[in-house]
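The values are calculated or read from the model by the stated rules, or taken from the named source; none is laboratory data. Predicted model, so just to flag it, every value in this text is computed and none were measured. Don't worry about glycine lacking a Cβ; one is built from the backbone with ideal geometry, like all the others, and counts go over all protein chains shown.
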Amino acid sequence: MNRTVAIGCGCLAALAVVGGVIVLFLANGYNGLVRGSAEVDTKWAQVQTQYQRRADLIPNLVHTVEGAANFEKSTLTDVINARANATKITIDPSKAPSDPQQLAQFQKLQDNLSSSLGRLLAVSERYPELKANGNFRDLQVQIEGTENRIAVARQDFNKAAQTYNVQVRSLPTALYAGVFGFQAKPFFQAAAGAEAAPSVSFPSFSPSGTPK
């Protein structure tokens, strides 16, 4: 009888140990998903911050360019419309999107704005009064810097999303990730034939206002 009781107690102890190990293993995987999801959200917030900074710079740029005599109205209108479209789509800046189509639309509109800005600043080289305008040159430098920060922020977001997606889709976390609401995140797609997010070339001016 005592031996039977001892064996039973031993089995229960073994089961408790195994159960504890499993719980710790699952908890570790769950915590990893939490950290990964939080990192993706943080990187997404940084992307949104840079896009918002660019959107905030454009009204001043438009106002400055409007003062140039005979500046191509269609080019300026393209920028105004592209900014309006890009700021029309809203995604929670504190929460990375889970809908691939939503992110794709967001990217398309933001990339269109980048292209419109690039064309405007390229056309501005033909207007000496703009090139000599200190405010315009300052805005050009700020926009160029913001475009670079956008590219970096997008790359950082993609890395975080891809790392998190591996966690979500790998065993054993794949067995319970969905139960706790963890889903793979979409990320920015490179343009066809490109290795990275689209880049925009802006004219660079010397302090005197002449192109470098």
Counting only residues that are loosely packed, with under 15 Cβ neighbours inside 10 Å, aliphatic (A, V, I, L, M) and modelled with pLDDT of 95 or more, which one in the range 81-105 is nearest to the chain's Cα centre (by Cα)?
ALA104
Output the residue which, of all residues in the range 24-46 that are aromatic (Phe, Trp, Tyr) and surrounded by fewer than 18 Cβ atoms within 10 Å (Cβ to Cβ), is modelled with the lowest pLDDT.
PHE25
What number goes with the only condition from (1) of a type outside the set (D, E, K, R); (2) surrounded by 13 or more Cβ atoms within 10 Å (Cβ to Cβ); (3) modelled with pLDDT under 95; (4) part of a loop (DSSP other than H, G, I, E, B) that PRO207 does not pass?
(2)
If I filter the range 147-168 for residues that are out of contact with any Pro (no Cβ under 8 Å at 6 or more places or on another chain) and over 30 Å from ALA184 (Cα atoms), do I get at least one hit?
no
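A quick yes/no check of all residues on (1) of a type in the set (Gly, Ala, Ser); (2) out of contact with any Ser or Thr (no Cβ under 9 Å at 6 or more places or on another chain); (3) under 18 Å from ALA86 (Cα atoms); (4) surrounded by fewer than 20 Cβ atoms within 10 Å (Cβ to Cβ):
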position	(1), (2), (3), (4)
ASP111	no, yes, yes, yes
ARG154	no, yes, yes, no
LEU171	no, yes, no, yes
LEU175	no, yes, no, yes
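Yes or no, residue by residue, for (1) of a type in the set (Gly, Ala, Ser); (2) at pLDDT 90 or above:
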{"site": "GLN107", "(1), (2)": "no, yes"}
{"site": "ALA160", "(1), (2)": "yes, yes"}
{"site": "LEU171", "(1), (2)": "no, no"}
{"site": "ALA192", "(1), (2)": "yes, no"}
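Quick one: which of GLU125, GLU147 is over 17 Å from GLN46 (Cα atoms) and among the acidic types (Asp, Glu)? Give the steps one after another, and end with the answer.
Values: GLU147 fails: over 17 Å from GLN46 (Cα atoms).
When all the criteria are applied, what remains is GLU125.
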Among residues of the range 123-152, those that are crowded, with 19+ Cβ neighbours inside 10 Å and part of a loop (DSSP other than H, G, I, E, B), counted
1
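Take the range 158-186 and flag every residue that is small (Gly, Ala, Ser) and closer than 24 Å to GLN107 by Cα. I'd like the intermediate steps shown before the answer.
As a first pass, look at the range 158-186 and keep what is small (Gly, Ala, Ser): 160-161, 170, 174, 177-178, 181, 184.
Correct list: ALA160, ALA161, ALA184.
Keeping to the range 45-97, report how many residues are in a helix (DSSP H, G or I) and either charged (D, E, K, R) or in contact with a strand residue (DSSP E or B) (Cβ under 8 Å, 6 or more places away or on another chain) (or both). Before the answer, list the steps.
So the first thing to find is which residues in the range 45-97 are in a helix (DSSP H, G or I), and the list is 45-66, 73-88.
Pick out the ones that are also either charged (D, E, K, R) or in contact with a strand residue (DSSP E or B) (Cβ under 8 Å, 6 or more places away or on another chain) (or both) and you get 53-54, 56, 66, 73, 78, 83, 88.
Qualifying residue count for the region: 8.
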Looking at this structure, is PHE202 surrounded by 13 or more Cβ atoms within 10 Å (Cβ to Cβ), modelled with pLDDT of 95 or more and in a loop (DSSP other than H, G, I, E, B)?
no
Among (1) under 30 Å from ARG169 (Cβ atoms); (2) touching a residue at least 24 places away in the same chain (Cβ under 8 Å), there is one condition ASN112 misses while meeting the rest; what is its number?
(1)
